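The values are calculated or read from the model by the stated rules, or taken from the named source; none is laboratory data. Fair warning: this is a prediction, and the values are worked out from it, not measured in the lab. In this analysis, Cβ positions are derived from the backbone assuming ideal geometry, glycine residues included, and neighbour counts consider all displayed protein chains.
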Amino acid sequence: MLSVANLTKRHPGSARPVFSALGFSIAAGEIVALAGESGVGKSTLLNCIAGLELANTGAILVGPQAQDIVRLDEAARAALRATTIGFVFQAFHVLPTLTVAQNVAVPLLLGGVAAGEHAARIEALLGRVGLPGFGPRWPGTLSGGELQRVAIARALVHRPSLILADEPTGNLDPRTADEILVLLLERVREEGASALIVTHSQHVAQNCDRILTLTPDGLQ
Ligand SMILES: Nc1ncnc2c1ncn2[C@@H]1O[C@H](COP(=O)(O)OP(=O)(O)OP(=O)(O)O)[C@@H](O)[C@H]1O
Ligand SMILES: [Mg+2]
C-alpha cells in the first residue's frame, strides 16, 4: 500500500538533508507507528508521502496502483490524495469558517462519492468518532480533543486506503492525545486501511503492528 525507496529530502536553504536514502514499506491493512525525537523529520516524511512537500530523490509508491507520488504532477498528486490518502495533521487544520459537517465533507468535494451519500456518511462518521449531532456546530465552540476527532472523521470520510497521521500536540494533554490516536487506530482497523502514525506514546505504538523509529542516521 506504501513503498518508500531511497528517499532524500533537503529543505531549500538548509545545508544538510533532513533524511537521506530512507526505505520502508507498509502492507495493505498494516498499521505502523513512526517514532523519533522532535525535529528529526517525521512531519517532513509524512508531508512527502502525501505529496504536500516534494522529496529531492527517491520513490514513494502509494495506493493499490502503486503510483509514484514523487513523479506525478500537482494535479495528479491532488487526485491521488483525494481518492487514496487520508491525512490527520499535527495542528488539526479544521477550518474555522466551515461547520463541523462542512469540514468533514471537504475530501468528499474533491473525490468521487455521490452527493446524495454525503450527509449520511458524515453523520455516521461523526457518530463513530464520538461526536454525534456535532455537524452544525462551529469549530470555535469545540475543545481541542473534539477538534482532533473532527480531523479524524475528515481523514476517513472518503474511505482512503492509506491514512497518514501526525500526533496531535497543541492543547491536548498526553492522555487525551493517546485516547484520540487509539480511536483513530480502531477506525483504521474497521476500514481495513493501512496507516503510518507519528506518536511519542508507547501505549499507542504498542497498539500498532510495527514501530519504525526515525533517527538522524535513518530508520531503525
Ligand atoms: N519548510 C522548511 N524549511 C526549512 N526547514 C524546515 C522546514 N520544515 C521543517 N524544517 C526543518 O526540518 C527538520 C524536521 O522537521 P519536522 O517538522 O519534520 O520534525 P518532526 O520530527 O516532525 O518534529 P516534531 O516531533 O517536533 O513535530 C527540523 O529541523 C525543521 O526545522
Ligand atoms: Mg512533527
Item to complete: Any chance you could count how many residues in segment 162-188 are at pLDDT 90 or above, within 14 Å of ligand 1 (Cβ to nearest atom) and surrounded by 24 or more Cβ atoms within 10 Å (Cβ to Cβ)?
Response: 2
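Of all residues in segment 151-161, which are β-branched (Val, Ile, Thr) and buried (at least 24 other Cβ atoms within 10 Å of the Cβ)?
152
Is it the case that residue 159 is free of Cβ contacts under 8 Å to residues at least 60 places away in the same chain, in a loop (DSSP other than H, G, I, E, B) and on the phi > 0 side of the Ramachandran plot?
Values: free of Cβ contacts under 8 Å to residues at least 60 places away in the same chain: yes; in a loop (DSSP other than H, G, I, E, B): yes; on the phi > 0 side of the Ramachandran plot: yes.
The answer is yes for residue 159.
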Practice prompt. Return yes when residue 25 is surrounded by fewer than 20 Cβ atoms within 10 Å (Cβ to Cβ), among the hydroxyl-bearing types (Ser, Thr, Tyr) and more than 16 Å from ligand 1 (Cβ to nearest atom) and no when it is not.
Written response: yes
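Quick check, is residue 113 surrounded by 20 or more Cβ atoms within 10 Å (Cβ to Cβ), over 22 Å from residue 7 (Cα atoms) and not small (Gly, Ala, Ser)? Break it down stepwise before answering.
Details: surrounded by 20 or more Cβ atoms within 10 Å (Cβ to Cβ): no; over 22 Å from residue 7 (Cα atoms): yes; not small (Gly, Ala, Ser): yes.
No, not satisfied.
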Worksheet item: If you scan segment 37-53, which residues turn out to be crowded, with 19+ Cβ neighbours inside 10 Å and either more than 9 Å from ligand 1 (Cβ to nearest atom) or in a loop (DSSP other than H, G, I, E, B) (or both)?
Response: 41, 48, 49, 50, 51
Discussion item. Let me spell it out: the conditions are (1) more than 18 Å from residue 94 (Cβ to Cβ); (2) free of Cβ contacts under 8 Å to residues at least 40 places away in the same chain, and residue 176 meets all of them except one. Which number is the exception?
Written reply: (1)
Fill in: The one condition in (1) free of Cβ contacts under 8 Å to residues at least 24 places away in the same chain; (2) away from ligand 1 (no atom under 16 Å from the Cβ) that residue 149 fails to fulfil
(1)
Item to complete: Check 4, 70 and return the single one that is of a type in the set (A, V, I, L, M, F, W, C), more than 16 Å from ligand 1 (Cβ to nearest atom) and within 18 Å of the chain's Cα centre (by Cα).
Response: 70
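What do you reckon, is residue 120 of a type in the set (Gly, Ala, Ser), surrounded by fewer than 17 Cβ atoms within 10 Å (Cβ to Cβ) and free of Cβ contacts under 8 Å to residues at least 60 places away in the same chain?
Yes: the conditions hold for residue 120.
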Practice prompt. Check off (1) in a loop (DSSP other than H, G, I, E, B); (2) over 28 Å from residue 17 (Cβ atoms) for residue 149 and give me the number that stays unchecked.
Written response: (1)
Worksheet item: If you go through segment 189-212, how many residues are farther than 26 Å from residue 84 by Cβ and either in contact (Cβ under 8 Å) with a residue 24 or more places away in the chain or crowded, with 18+ Cβ neighbours inside 10 Å (or both)?
Response: 3
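Name the single residue that is farthest from the chain's Cα centre (by Cα) among those in segment 198-220 being within 13 Å of ligand 1 (Cβ to nearest atom) and at pLDDT 90 or above.
Just the residues of segment 198-220 that are within 13 Å of ligand 1 (Cβ to nearest atom), to begin with: 198-201, 212-216, 219.
Still in the running and at pLDDT 90 or above: 198-199, 212-216, 219.
Values: 198: 9, 199: 12, 212: 16, 213: 17, 214: 17, 215: 21, 216: 23, 219: 19 Å.
Going through the qualifying residues, I end up with 216.
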